[in-house]
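The values are calculated or read from the model by the stated rules, or taken from the named source; none is laboratory data. Note that the structure is a prediction, hence the values are computed from the model and not measured. Neighbour counts are summed over all protein chains in view; Cβ atoms, including those assigned to glycine, are modelled from backbone coordinates with ideal geometry. Side chains are part of the model used for accessible areas, which takes the heavy atoms of the whole protein and leaves out ligands, DNA and RNA. Shrake-Rupley method; radii C 1.70, N 1.55, O 1.52, S 1.80 Å.
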Amino acid sequence: MPELVLGIKDAGYDKEPKAIQSLSIPKIKSGTDLFIIAPEGAGKTSALVIGIIQQLKSAHEDVPRAVIITASKEKAFETESLFELLGKHTNLRTFCAFDQGILQFQKDTIYAGVDVVIGTPRRLMELMNVSGLPLMAVKILAFDDTDMISLNNYGKHIYRIADAVDNAQFLIAANGWNDNFDRISERIMKGALVVETS
């Protein structure tokens, strides 16, 4: 995808990819459900972003095709910045939905047309409750920094969002393996693979 290659070069990412990126990006592109396990700073988020850009390619219609769940508002905006950096030669549209934001504004912005919604579990659930997060076209549901999301507090949100998407690819990125991941794999994933670097 030449637009992505240009963005990667402009961002200075055209050197040797990090190990977790080399392992995970081809599998993301293939549509496999995937656990991406590597330490902080290993390149998991950029692997997710590159893989999602490769899948979506360009803007299409007005409903989200990828949803990324993050632990915090700050992480959501950090992820959006990577989309803007690496996907700047594409016309993909991203939007951050977070707990402190105005719900109606976020709902209206999503309905105006976005390709990727990046948000916190509680706010995404609130948007679903007011029919503000259309999920009928979502093909990728990703969880970034999943070990930072309290699965005890947000597990029901995650499962409800997952249950609302049909035939989506599930991607879970975390710094380490979590005992809850076995349950998540059984509950929402299909033949998930694990890629891991130390």
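For SER22 and HIS60, the difference between the fully extended length at 0.36 nm per residue and the C-alpha to C-alpha distance is 10.9 nm. The modelled label-to-label distance between GLU78 and ASP166, using points 7 Å beyond Cα along the C-beta direction, is 3.6 nm.
Using a 1.4 Å probe on the protein heavy atoms, what percent of the accessible area of segment 1-120 belongs to carbon and sulfur?
54 percent
If you plug the beta carbon distance of SER30 and MET128 into 1/(1 + (r/R0)^6) with R0 = 30 Å, you get a FRET efficiency near 0.60.
Exposure here means at most 12 other Cβ atoms within 10 Å; with GluC sites (Glu not before Pro) in a DSSP loop as sites, the longest stretch of the chain lacking them is 62-198.
Using the Karplus relation 6.51 cos²θ - 1.76 cosθ + 1.60 with θ = phi - 60°, the per-residue 3J(HN,Hα) values for segment 164-172 come to 8, 10, 9, 6, 7, 7, 9, 10, 10 Hz, with x marking Gly and Pro. Charges were assigned to the Cβ only: +1 to each Lys and Arg, -1 to each Asp and Glu. The resulting dipole of segment 40-198 about its Cα centre is roughly 280 debye.
Taken one residue at a time, the phi angles of segment 33-39 give Karplus couplings (6.51, -1.76, 1.60, θ = phi - 60°) of 5, 8, 9, 10, 10, 6, x Hz. Gly and Pro are set to x. Here's the picture: charge each Lys and Arg Cβ at +1 and each Asp and Glu Cβ at -1 in the chain, and of LEU103, ILE53, TYR13 the one pushed furthest to the positive end of that dipole is ILE53.
Exposed loop sites were defined as trypsin sites (Lys or Arg not before Pro) in DSSP loop states (anything but H, G, I, E or B) carrying at most 11 other C-beta atoms within 10 Å; in the chain the longest segment without such a site runs 16-189. Note on the chain: dipole from Cβ charges, positive end direction compared against LEU193, THR90, SER30; the farthest Cα belongs to SER30.
Protein heavy-atom accessible surface, 1.4 Å probe, per residue over segment 86-192: 45 Å². For the chain, the mean residue ellipticity at 222 nm estimated from helices alone is -13500 deg cm²/dmol, where every DSSP H run of n ≥ 4 contributes -39500 (n - 2.57) and the total is divided by all residues, rounded to the nearest 500.
Around the Cα centre of segment 1-61, unit charges on the Cβ atoms of Lys, Arg, Asp and Glu (plus for the first two, minus for the last two) sum to a dipole of about 140 debye.
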